[in-house]
1. Can you tell me which residue in the stretch 147-190 is farthest from residue 338 (Cα to Cα), limited to those that are aliphatic (A, V, I, L, M), assigned to a loop (DSSP other than H, G, I, E, B) and open to solvent by less than 80 Å² (accessible area, probe 1.4 Å)?
2. Name the single residue, out of those in the stretch 441-472 being basic (Lys, Arg) and under 23 Å from the mean Cα position of the chain (by Cα), that is nearest to residue 320 (Cα to Cα).
3. If you go through the stretch 400-408 one residue at a time, do you hit one that is crowded, with 21+ Cβ neighbours inside 10 Å and in contact (Cβ under 8 Å) with a residue 40 or more places away in the chain?
4. Being away from the ligand (no atom under 16 Å from the Cβ), crowded, with 20+ Cβ neighbours inside 10 Å and over 19 Å from the mean Cα position of the chain (by Cα), is that true of even one residue in the stretch 250-264?
5. Hey, could you check the stretch 414-449 for residues that are in contact with a strand residue (DSSP E or B) (Cβ under 7 Å, 6 or more places away or on another chain) and modelled with pLDDT under 90 and say which is most open to solvent (accessible area, probe 1.4 Å)?
6. Can you name every residue in the stretch 101-117 that is more than 10 Å from the ligand (Cβ to nearest atom) and either of a type in the set (Ser, Thr, Tyr) or surrounded by 20 or more Cβ atoms within 10 Å (Cβ to Cβ) (or both)?
7. Which of the residues spanning the stretch 210-220 are surrounded by fewer than 17 Cβ atoms within 10 Å (Cβ to Cβ) and assigned to a helix (DSSP H, G or I)?
8. Among the residues of the stretch 336-345, is any more than 16 Å from the ligand (Cβ to nearest atom), modelled with pLDDT under 90 and farther than 24 Å from residue 70 by Cβ?
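The values are calculated or read from the model by the stated rules, or taken from the named source; none is laboratory data. Predicted model, so just to flag it, every value in this text is computed and none were measured. Cβ: placed from backbone, ideal geometry, glycine included. Neighbour counts: every protein chain shown. Just so you know, the surface numbers come from the protein's heavy atoms only, side chains and all, with ligands and any DNA or RNA stripped out. Shrake-Rupley method; radii C 1.70, N 1.55, O 1.52, S 1.80 Å.
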Amino acid sequence: MAEFRSNEVEEYFKGKTILVTGATGFLAKTFVEKILRIQPNIKRLYLVVRASNTHVAIQRLHAEVFGKELFKIQRDKWGENFSSFLSEKVVAVAADVSLHNFGIRDQTLVEKMFEDIEIIVHSAATTRWDERYDVAMSTNTMGAYNTLNFAKMCPRIQVFLHVSTAYVCGEEKGLKPEEPFQMGQTLKGSSKLDINLEKKLIEQTLCELHAQNANEKTITSIMKELGAARANLHGWQDTYALTKAMGEMIVTNMKGNIPLIITRPTAILGTHLEPFPGWIEGVRTIDFVFVEYFKGAITSFVGDPNITMDMIPADMVTNSMIIALMVHSKNHTSDNLMIYHIGTSLRNPIKLSDVQDIMHLYITKNPWLKNYGKSKAFFKKFTFLPNYTEDHEFPQHKRSRLKRIINIYRPYFTEPEIIFDDKNTEKLRMAIKGVDNVNREFNFDPRSIDWKEYLMNVHFPGLVKYTMQPKM
Ligand SMILES: NC(=O)c1ccc[n+]([C@@H]2O[C@H](COP(=O)([O-])OP(=O)(O)OC[C@H]3O[C@@H](n4cnc5c(N)ncnc54)[C@H](OP(=O)(O)O)[C@@H]3O)[C@@H](O)[C@H]2O)c1
């Protein structure tokens, strides 16, 4: 991989037109923020937003993206011109990735998008691990299919970045390579995966349920069970991982000659440095455990303290995406497919036992958090327990919800150690290493994270600030 020149990244994005799906989501908005910050002279950003019409899409973008604190540096920089800057650069597209051409009704807009778009970042997904199978299939699997088909209609397309997850690897112990899936591949030798058959199974089950006049609650429950059963049959831990893996299979095997990047982040946490440390949105993955402990709701949770927990700050994921886009755009490379694991377990591992110690330290250094405490247990040191059950510290009425949550989390926190190899990502890092400002501005080196400092002084305060309402 050739070395970079100091302004090459900014130059690359100058005048470019990018489509981003999942624009109201946590990761995509950190990507959009950084692109607009490093290169205000991009030509256009088409942001796909789930909405009934353009007006609602614009409103959502202003309320859920540009109005957020994440964009405060941009707002300060542009002052009263921020709105006009956005109107010039950003097109809100009311759309749904589960539909052909995203279900956009305005044909003139579709044609214009086909004509303009050079880069696609597909981040939209349902990230619920136990999602309904029909919803996860149409969003995570068919969403990838529809977005790739959209890309194929864009003659100027240079690169397609598909955001996947490192956990498509399943639960089996070991060093996981950055390798693509073959179409139909499963994680169990005994099964064969046919995506069309899975779709038919969903349609058939829905038909039967409707014929029986099943109510929405029953349909949801059966669709969740169906997803879990199919994931289990084919060797994945949950519906999310199965449908994300099928999304990968589709883009990998149907990309034609479009340069494809599949980025597989692990658990994404709050920003490390940019646009400022600690920004986060929503409570996902291990953050659920942190938040429940800080609230005083739990003092233990399912988990093996000896396993390595792979977590990565959001800005590092974004930086890696930006560098990968540049490197893999048509003009720069002959590689037609590259997979990147974006995580920390190989180069800067942290054990759950260390995480639990830092959680406790945070509580002791921030005693005001005790106002959240609903029980004396709040003052106990937090422990991850491999055999944790819902009976541990919960009253009867809360146990069934907790049991469901524990079952969802168990594979991620107790399975034998999984380490994500990141040779490809390391090559990307090496490409920017010698260029001082690029290396600094687009850092995604996990070795630069001091876990204790980051969790204590950046991520935990960010979580408290953005996802809990502190009771002082
Ligand atoms: N967060 C993590 O820890 C993590 C880890 C590994 C990989 N990832 C991957 O990273 C990507 C982004 O995740 P995230 O954390 O940013 O998720 P997120 O905050 O839940 O955002 C998901 C986005 O997808 C959109 N979306 C869902 N269904 C859609 C549809 N049918 N049509 C159009 N848009 C739709 C959502 O729109 P609405 O606002 O309308 O719901 C939202 O903007 C995903 O592909 C995920 O699999 C995330």
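1. Let us first name the residues in the stretch 147-190 that are aliphatic (A, V, I, L, M), namely 148, 151, 153, 157, 159, 161, 163, 166, 168, 175, 183, 187.
When the remaining residues are screened for being assigned to a loop (DSSP other than H, G, I, E, B), the result is 153, 157, 183, 187.
Filter again for open to solvent by less than 80 Å² (accessible area, probe 1.4 Å), leaving 157, 187.
Working: 157: 17, 187: 21 Å.
That would be 187.
2. Within the stretch 441-472, the first condition is being basic (Lys, Arg), and the residues that meet it are 447, 452, 465, 471.
If we keep only those that are under 23 Å from the mean Cα position of the chain (by Cα) too, we end up with 447, 465.
Values: 447: 14, 465: 26 Å.
Within the stretch 441-472, the match that is nearest to residue 320 (Cα to Cα) is 447.
3. No, because not a single residue in the stretch 400-408 is crowded, with 21+ Cβ neighbours inside 10 Å and in contact (Cβ under 8 Å) with a residue 40 or more places away in the chain.
4. At the first step, the residues of the stretch 250-264 found to be away from the ligand (no atom under 16 Å from the Cβ) are 253-259.
Okay, now just the ones that are also crowded, with 20+ Cβ neighbours inside 10 Å, so 259.
Those left that are additionally over 19 Å from the mean Cα position of the chain (by Cα): 259.
Yes, the stretch 250-264 contains at least one residue that is away from the ligand (no atom under 16 Å from the Cβ), crowded, with 20+ Cβ neighbours inside 10 Å and over 19 Å from the mean Cα position of the chain (by Cα).
5. 417
6. Taking the stretch 101-117 first, the residues more than 10 Å from the ligand (Cβ to nearest atom) are 101, 104-117.
Answer for the stretch 101-117, where residues must be more than 10 Å from the ligand (Cβ to nearest atom) and either of a type in the set (Ser, Thr, Tyr) or surrounded by 20 or more Cβ atoms within 10 Å (Cβ to Cβ) (or both): 108, 113, 117.
7. Keep residues of the stretch 210-220 that are surrounded by fewer than 17 Cβ atoms within 10 Å (Cβ to Cβ), which gives 210-218, 220.
Listed by number, the residues that qualify are 210, 211, 216, 217, 218, 220.
8. So the first thing to find is which residues in the stretch 336-345 are more than 16 Å from the ligand (Cβ to nearest atom), and the list is 336-338.
Retained after the next criterion (residues that are modelled with pLDDT under 90): 336.
Subsequent filtering for residues that are farther than 24 Å from residue 70 by Cβ retains 336.
Within the stretch 336-345, one or more residues are more than 16 Å from the ligand (Cβ to nearest atom), modelled with pLDDT under 90 and farther than 24 Å from residue 70 by Cβ.
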